[in-house]
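The values are calculated or read from the model by the stated rules, or taken from the named source; none is laboratory data. All values reported here derive from a predicted model rather than from experimental measurement. For neighbour counting, all protein chains shown are included, and Cβ atoms are generated from backbone atoms with ideal geometry for every residue, glycine included.
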Amino acid sequence: MLSSLQPYLVYIGALGLVGAGAYAFVSTLPLAEPQAREETAQTATVNLTQASPLPAPAPKAPEREKASPAPATAPPEQDIAPALPASTPAGDSEDAGASLVARIRDPYPFPPLSFQAVNELARAALVNILCTSGNKALRPISGSGVIIDPRGIIITNAHVAQYVLLSQSSETRLSCAIRSGSPARPLWSSEMLYIPPVWVREHAADITESDPTGTGEHDYALLRITGPWDPRADSSPESYPALPTDIREAIAFPGDPVLAIAYPSEFIGSTAARFNLHPISSITAAEELLTFRAHTADLISFKGAVEAQSGASGGPIVNAWGYVVGIITTTSEGETTAERELHALALGYIDRDLAAQTGAGLEETLRGDAAQSAARFKTEQAPALIGLLMEEILKESR
C-alpha cells in the first residue's frame, strides 16, 4: 500500500542566492523481505521513495515577507535552536512484509558528547561554498559542506559541487570560494575530487533551470581544498578541522537526537548571503528512514528543521558522538521551515553508491592519495562532464 510523502522535494543548495526551488514528486512504499541485524534494541520500517516519471509542476515560490526567518545572527551561546519534537515510529511494523532496519546498541565505546560540544566541533568543520560568475546564464549560488578529512576533503551535494566543477573551465568565468566562520569569509580554493558522472548526465539540462527536479539520488560530491583563497596570505593550516564519518546502516535511527547545521540563505537576500552569512544549527530527530529502491536506509527524513531552506544543501547531520551520519539534500515545499520536511542522504548510502560507481567506498576513498585522485578525475572524467554542462549553458546563452 502506498503511503505518501509531501508531494514535492526541493534542491536547497544551488539556488540559495535567488530563492527559487526545485521539485520532484515522491511517494513511499513499504518494502518486503525483512533484514537480519546484529544485537538491537528497536527496529524501524524503511520506506521507498521514488521520482515520478513526469516531474510535477513547480508551485510558486513562497513570498519572503510571509516566511519565518531563521535566527542567522543569534549569539554563540544561543545559536543552537531548541529541539523539535519528533514522533518515533513504533518498534514493530504493522506491515508484515515491510523491510526493517535495527538500532545499533551502544554504537561507540565512549559516551555521547553534549550537543554544545558537538555544535562547536561541527561549526569548525562546516564550510560555505559561494560561486559567482560573469556569465549571465549562471546565477550566483551558495551551498554548504563539511570537512571530513584533516587534509581538507569536503563532502557536499552534486547540485552544489557542479559549479566547482565548472569553475575549472576558463569558459565559464566562474569563481568558487570555500568560506568558513561567522560571518562566512573566503579562506580557501578547491577542486573536484569526485562527482558522480551519472548525476551530471541525468541533471546537466537543469544547470540553467530555475526549477530543476530531483530526489537526491547520487546527489553527493567530494571536493579537495587546494590552498588559500588569497594567494598572498597563507591561510591553509597543516591540518583542517574535520568531523569523522559513520557509514553504518541506519546509524541515524528514528527518534535519535542529532545536530543539523548549515549556511542557509533563503530568507536573508543575496547581499547578506555574500557579506553577512552565519551558520545555523538545531537539535532535531529523524522521523523516518527512506530508500530509493532497495532494502537499505538511503535517506533520513526530518520535520520542521530550520535548515530546511535554500543554501543548506550539503550541510551535515551530526550525531551525539560527533560523527557525520548524513548530508542535507532536499526539502518539501512550504511557506515556512516549520511546514517543510527535510531530507538528508545517509552516509551509508553515499558509501554504497560511491563503491558502485568507482569500486571504492567512502572510507577507502579517504584513505587514498587525494591529490592524485583529484588529478586523475580532472584529466579522465572532468572534461566530458564539463562539456555536458557547457552545452546546456551555451544553449541558454544563444
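Taking first residues from the stretch 103-120 that are farther than 18 Å from Ala285 by Cα and hydrophobic (A, V, I, L, M, F, W, C) and partners that are at pLDDT 95 or above and part of a loop (DSSP other than H, G, I, E, B), the Cβ contacts under 8 Å between residues at least 6 apart in sequence or on separate chains come to Phe110/Trp321.
Listed here are the residues, each with its yes/no results for (1) over 17 Å from Ser373 (Cα atoms); (2) touching a Pro at 6+ places or on another chain (Cβ under 9 Å); (3) of a type in the set (A, V, I, L, M).
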{"position": "Leu138", "(1), (2), (3)": "yes, no, yes"}
{"position": "Ile148", "(1), (2), (3)": "no, yes, yes"}
{"position": "Arg151", "(1), (2), (3)": "no, no, no"}
{"position": "Ser167", "(1), (2), (3)": "yes, no, no"}
{"position": "Thr172", "(1), (2), (3)": "yes, no, no"}
{"position": "Ala177", "(1), (2), (3)": "yes, yes, yes"}
{"position": "Gly181", "(1), (2), (3)": "yes, yes, no"}
{"position": "Ile195", "(1), (2), (3)": "no, no, yes"}
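Within the stretch 361-398, being within 16 Å of Gln162 (Cβ to Cβ) and not in a helix (DSSP H, G or I) holds for one residue alone: Gln381. Please determine whether any residue of the stretch 105-116 is charged (D, E, K, R), surrounded by fewer than 24 Cβ atoms within 10 Å (Cβ to Cβ), at pLDDT below 95 and closer than 27 Å to Glu364 by Cα. Yes, there is a match, as at least one residue in the stretch 105-116 is charged (D, E, K, R), surrounded by fewer than 24 Cβ atoms within 10 Å (Cβ to Cβ), at pLDDT below 95 and closer than 27 Å to Glu364 by Cα.
A residue that is small (Gly, Ala, Ser), closer than 18 Å to Gly326 by Cα and either in contact with a Lys or Arg (Cβ under 9 Å, 6 or more places away or on another chain) or surrounded by 14 or more Cβ atoms within 10 Å (Cβ to Cβ) (or both) can be found somewhere in the stretch 358-374.
Screening Pro112 with (1) within 18 Å of the chain's Cα centre (by Cα); (2) in a loop (DSSP other than H, G, I, E, B) gives one miss only, at (1). Condition (residue is among the aliphatic types (A, V, I, L, M), under 30 Å from Ala161 (Cβ atoms) and modelled with pLDDT of 95 or more) applied to the stretch 82-104: is it met by at least one residue? Within the stretch 82-104, none of the residues are among the aliphatic types (A, V, I, L, M), under 30 Å from Ala161 (Cβ atoms) and modelled with pLDDT of 95 or more. The condition of being in a loop (DSSP other than H, G, I, E, B) and surrounded by fewer than 20 Cβ atoms within 10 Å (Cβ to Cβ) holds for only one of Pro264, Pro254, Pro186, Pro237, that being Pro237.
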